[in-house]
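K.L.:
I have a structure I would like to understand better, so I am pasting it below and will then ask my questions one at a time.
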Amino acid sequence: MSSADFTYDHVGATREPGFCPPGFHPMRVRTRLGEGEAVFRQAAEALLGWELHRELGVGVETAADRAAPDVDVTITLAGVVRAPCRVVWTVEEHRRAGWAYGTLTGHPESGEESFVVDRTGDGTVWLTVEAFSRPARWYSRAGGPATRGLQQAYARRCGKVLRRLATRGLDEY
């Protein structure tokens with residue numbers, strides 16, 4: 001994968017939880033989704049197959065059915081703000097599934113964001129949304145701390161929506 005198209009260095013760095021390059025703002029939001037293998041499987045599928053993002057009400061433009069490295073995806077907010085990204089890594093393991101995308105030219109922010117579902121030893125299923133970013137367009141710079149607040153609210157909404165998708169049709173929740 002060429003890092004020439006990305007708007008930041010450290011491509012793939014969200015694989016390291018807690019990493020934040022100098023000059024970027026870190027974000028980490030963790031949401032409990034439920035318990036058990038069925039919740040994990042439904043959450044992982046909704047995440048990897050773009051269903052989470054579509055259910056959030058944002059536009060998702062991509063030629064791929066699932067997140068995979070080097071897949072381009074453009075997220076559109078309110079039909080106005082276009083945010084071009086590229087998937088930089090994915091993980092599909094027995095107790096962990098997810099992906100991260102990095103920003104491309106034209107995105108209002110510069111940085112990387114990961115979405116990972118994991119099932120802990122006690123069976124609890126969590127979504128962790130982690131990112132490092134900084135403003136890349138005039139309007140995201142003008143928003144200052146409010147822009148970061150919107151990013152936090154978006155990450156919290158991801159957790160609420162994925163909880164609903166992951167427990168849909170299950171009696172246990």
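The values are calculated or read from the model by the stated rules, or taken from the named source; none is laboratory data. Note that this is a predicted model, so its numbers are computed, not measured. Cβ sites come from the backbone with ideal geometry, for glycine too, and all protein chains shown count toward neighbours. Please note that ligands, DNA and RNA were not included when accessible areas were found on the heavy atoms of the full protein model with its side chains. Shrake-Rupley method; radii C 1.70, N 1.55, O 1.52, S 1.80 Å.
K.L.:
Please turn the phi angles of the range 65-75 into ³J(HN,Hα) values with the Karplus equation 6.51 cos²θ - 1.76 cosθ + 1.60 (θ = phi - 60°), one per residue in order, whole Hz, x for glycine and proline.
P.N.:
Whole-Hz 3J(HN,Hα) from phi for the range 65-75: 6, 9, 5, 7, x, 6, 7, 8, 9, 10, 9.
K.L.:
Given axes a ≥ b ≥ c from the Cα gyration tensor, I'd like to know whether the range 72-132 is rounded (a/c under 1.5), prolate (a/b larger than b/c) or oblate.
P.N.:
Prolate, because a/c is 1.5 or more and a/b exceeds b/c.
K.L.:
Report relative contact order for the range 75-164 in percent, whole number only (criteria: Cα-Cα under 8 Å, sequence separation at least 6).
P.N.:
After rounding, I find 19 percent.
K.L.:
Give the ranking of Thr105, Thr167 by solvent-accessible surface, highest area first, calculated with a 1.4 Å probe.
P.N.:
Ranked from most to least accessible, the order is Thr105, Thr167.
K.L.:
Then there's this: So how do His25, His10 rank on accessible area, 1.4 Å probe, biggest first, that is with the largest at the start?
P.N.:
His10, His25
K.L.:
Let me ask something else about it. With the other protein chains left in place, how much accessible area per residue, in square angstrom, belongs to the range 27-107 at a 1.4 angstrom probe?
P.N.:
Each residue of the range 27-107 exposes 44 Å² on average to a 1.4 Å probe.
K.L.:
Rank Glu113, Glu51 by accessible area, highest first, at a 1.4 Å probe radius?
P.N.:
Glu51, Glu113
K.L.:
Leaving out ligands, DNA and RNA but keeping every protein chain, what accessible area does Cys20 have, in Å² rounded to the nearest 10, with a 1.4 Å probe?
P.N.:
Solvent-accessible area, nearest 10 Å²: 40 Å².
K.L.:
Report the net charge of residues surrounding Ser140, where surrounding means a beta-carbon distance below 10 angstrom and charges are Lys +1, Arg +1, Asp -1, Glu -1.
P.N.:
Taking every other residue near Ser140 into account, the sum is +3.
K.L.:
Still on this model: Pop out the carbon and sulfur fraction of the accessible area of the range 62-167 as a percent, whole number, probe 1.4 Å.
P.N.:
55 percent
K.L.:
Can you work out the FRET efficiency for the pair Arg168 and Glu61, with r the C-beta to C-beta distance and R0 = 22 Å, to the nearest 0.05?
P.N.:
According to the calculation, E is roughly 0.30.
K.L.:
OK, next. Using Cα pairs closer than 8 Å and at least 6 residues apart in sequence, work out the relative contact order for the chain, in percent.
P.N.:
That works out to 29 percent.
K.L.:
What distance in nm separates the simple spin-label points at Arg141 and Val81, each placed 7 Å from Cα in the Cβ direction?
P.N.:
Modelled inter-label distance: 1.7 nm.
K.L.:
Follow-up. Do the sum for the chain: with -39,500 (n - 2.57) for every DSSP H run of n ≥ 4, divided by all residues, what is the mean residue ellipticity at 222 nm, to the nearest 500 deg cm²/dmol?
P.N.:
The per-residue figure over the chain is -8000 deg cm²/dmol.
K.L.:
Which of [x] 34, 32, 30; [y] 71, 37, 29; [z] 48, 31, 30 is the computed Cα extents along the principal axes in Å for the structure on display?
P.N.:
[z]
K.L.:
In debye, nearest 20, what is the charge dipole magnitude of the range 1-120 about its Cα centre with +1 on Lys and Arg Cβ and -1 on Asp and Glu Cβ, if you could check?
P.N.:
So the dipole magnitude of the range 1-120 works out to roughly 300 debye.
K.L.:
In addition: About its Cα centre, what dipole magnitude does the range 119-173 give when the only charges are +1 on Lys and Arg Cβ and -1 on Asp and Glu Cβ, stated in debye to the nearest 20?
P.N.:
Roughly 420 debye for the range 119-173.
K.L.:
Could you give the alpha-carbon Rg of the range 23-77 over 2.2 N^0.38 Å, rounded to two decimals?
P.N.:
Dividing the Cα Rg of the range 23-77 by 2.2 N^0.38 Å gives 1.34.
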